[in-house]
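Here is the structure we will look at.
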Amino acid sequence: MSSVLSSAIAQGLLWSILAIGIYVTYRLLNISDLTSEGSFTLGAAVTAFSIVAGVPPILAVLLAALCGALAGTVTGLLHTKMHIPSLLAGILSMTGLYSVNLRVMGKANIPLNQVDTILSNLKDLLHLARDRGAAIPLGILAVALVIGLLVWFFNTEFGYAIVACGNNDHMIIANGVSSDKLKIAGFAIANALIALSGSLVCQYNGYADVQMGIGAIVVGLASVIIGEVFAKDKSFVFVLLSIVLGSVIYRLIVAFVINTSIVSANDMKLFTAVLVALAIWFTDLSQRKGGKKHA
Amino acid sequence: MLEIKGLCKTFNPGTINEKKVFEDLSLTLNSGDFVTVIGGNGAGKSTLLNMIAGTYPFDKGQLLLDGKDITKLKEYERAAFMGHVFQDPLLGTCSNLSIAENLSIARRKGKRRTLRRGITEAEREEYRALLAPLGLGLEERLTEKVGLLSGGQRQALTLLMATLVRPQLLLLDEHTAALDPKTAQIVLDLTNELVQRDQLTTLMITHNMRDALKTGNRLIMMSEGKIILDINGEAKKQATVSDLLALFEQNNASLDDKMLLG
Ligand SMILES: Nc1ncnc2c1ncn2[C@@H]1O[C@H](COP(=O)(O)OP(=O)(O)OP(=O)(O)O)[C@@H](O)[C@H]1O
Ligand SMILES: [Mg+2]
């Protein structure tokens, strides 16, 4: 396998956890949560800081997810308890997190060259030659764990309630559950996943950077939308797997357009934004044609 | 028994949109009362129901349900012992979840949502048996998404969900108004059956005067936030649509078309 291809697959897998997090808020809760930009970086910042401080990489990863959950909880509280519109609540968290991330890191960039990471741990475990070689196995493992956990969770009583709340909060309130609590839980879960993704991506990249979350939400959305092409009216597991596929396809598209110099690396974010805008537009058009109601 | 004492409610106080809906409204429902509520548009019927359900807070007053003060409880907390069916059939159910999943959420009303499985096999059997008597064929479609059902089917399902755990109070806000006459009748029959089976204390708002007279044991008419008629038993049985209309005109209440058809 060429290195371009394998690195696109590895990145697709590691970033797909971000996309799944975006899916939880964007599709299940019906909320566009911009916290993601900050919580992705937060995951990286916490990981880099902890690893450099000597924390075992696996613990650093879990700590990153926990901090992401906390960031999501803050957005959830801003939205539900302080009645700040969700979009604005996310922007506030994202902005605040920029400072938090700088504080955590102490500087704008922390390199991870001379330290053990989850990749080097896994490389040793699997007797591989290079750290990067462990990226695809790590991605598969992480994705499998995340999907397994989510499929279990969203089939519990609490999980059902979250799905119902995102679809119709009148219904879930009328059935005796606090919609605030469910929304906060949804924000927390989504941002835990996003921070987890940030943690893995930073170890793959070999550094954490305070700017690395910029555009993360659009990348996640691109993966979700590409994935949904394959997952029309399918079961939850299938939808999640499709998002992973969507994320890998997105990385392959990126690798292709950059390698063939169709788009320069600097224009990548613009390219992705246009891609997402067009994709949402096309889905909307085809739904109208299909006679689906707008809601 | 539900006691509403001295309820006051003004929307948007202190603005040009200020709207005083209730000034010291009191009403007592006895256990097992099935009360139909009629009144012109804007009379305050929905607001009354929403105040009881806790959708909006009220300015002054007290709510007692079976002697317990529920004034300070939030909407979701009150829902643990109330059933609420809205006019809009889309509001009572979740279209992304299956029929069985919707029922399973209602089955756990008033309980903490845990990390146990959202639905058990035994429940599925129970739901099949519950849906079969409706004659809508829903028992064969347990795993289908509720979004695929018609408005009437969804409303029947909502009604089942609202009464799956016996509520101390059932609130129905024009729950048949969005349905065609035949489906409306099916849902109304189901309402009667469920209320009678479980002896539910019920408040049902309707714009159909004949339904209001035929259904339940007590009828109240509202106008401008006041109860202008409250009849039960024999008096209600004797009352006719033209009596109600006459009273309506006396109170200068605006009549909408639906009522004239009633
Ligand atoms: N959320 C709100 N904000 C402001 N005013 C409101 C609100 N809800 C109701 N009102 C006002 O309170 C009054 C009573 O409304 P309500 O909906 O209770 O009437 P109703 O008797 O249910 O009428 P209808 O038969 O049309 O459903 C109306 O004048 C209405 O405009
Ligand atoms: Mg009304």
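Since every read-out is calculated from the coordinates, none of them should be taken as a lab result. Quick caveat: nothing in here was measured; it's all calculated off a predicted structure. Backbone-built Cβ (ideal geometry, glycine too); neighbour counts: all protein chains shown.
Tabulated data for the structure shown
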item	result
Some residue of region A:105-121 being more than 29 Å from B:T163 (Cα to Cα) and hydroxyl-bearing (S, T, Y)	yes
When residues of region B:164-175 are limited to those that are under 16 Å from B:S31 (Cβ atoms) and within 12 Å of another protein chain (Cβ to nearest Cβ), the one farthest from ligand 2 (Cβ to nearest atom)	B:P167
Boolean, B:L7 is away from ligand 1 (no atom under 13 Å from the Cβ) and either surrounded by 16 or more Cβ atoms within 10 Å (Cβ to Cβ) or more than 14 Å from chain A (Cβ to nearest Cβ) (or both)	no
Filter result for B:N50 (within 16 Å of ligand 1 (Cβ to nearest atom), in a helix (DSSP H, G or I) and not hydrophobic (A, V, I, L, M, F, W, C))	yes
Hits in region A:115-160 - residues which are within 14 Å of chain B (Cβ to nearest Cβ) and in contact with a Gly (Cβ under 7 Å, 6 or more places away or on another chain)	A:F153, A:N155, A:T156, A:E157, A:G159, A:Y160
Residue within region B:81-93 that is touching a Lys or Arg at 6+ places or on another chain (Cβ under 7 Å) and surrounded by fewer than 20 Cβ atoms within 10 Å (Cβ to Cβ) present	no
Some residue of region B:56-74 being in a helix (DSSP H, G or I), within 13 Å of another protein chain (Cβ to nearest Cβ) and away from ligand 1 (no atom under 12 Å from the Cβ)	no
Among residues of region A:14-41, those that are surrounded by fewer than 24 Cβ atoms within 10 Å (Cβ to Cβ) and not in a loop (DSSP other than H, G, I, E, B), counted	3
Inter-residue pairs, beta-carbon under 7 Å, first in a strand (DSSP E or B) and in region B:167-178, second within 11 Å of ligand 2 (Cβ to nearest atom), 6+ apart	B:L171/B:L49; B:L172/B:I205; B:D173/B:S46; B:D173/B:L49; B:D173/B:F86; B:D173/B:Q87; B:D173/B:I205
Residue count for region B:1-53, restricted to those that are within 13 Å of ligand 2 (Cβ to nearest atom), aliphatic (A, V, I, L, M) and more than 16 Å from the chain's Cα centre (by Cα)	2
Residues that are out of contact with any Leu (no Cβ under 9 Å at 6 or more places or on another chain), within 14 Å of another protein chain (Cβ to nearest Cβ) and either part of a loop (DSSP other than H, G, I, E, B) or of a type in the set (A, V, I, L, M, F, W, C) (or both), drawn from region B:119-148	B:T120, B:T143, B:L148
Test: residue in region A:169-178 that is within 24 Å of A:P56 (Cα to Cα), part of a helix (DSSP H, G or I) and of a type outside the set (A, V, I, L, M, F, W, C)	no
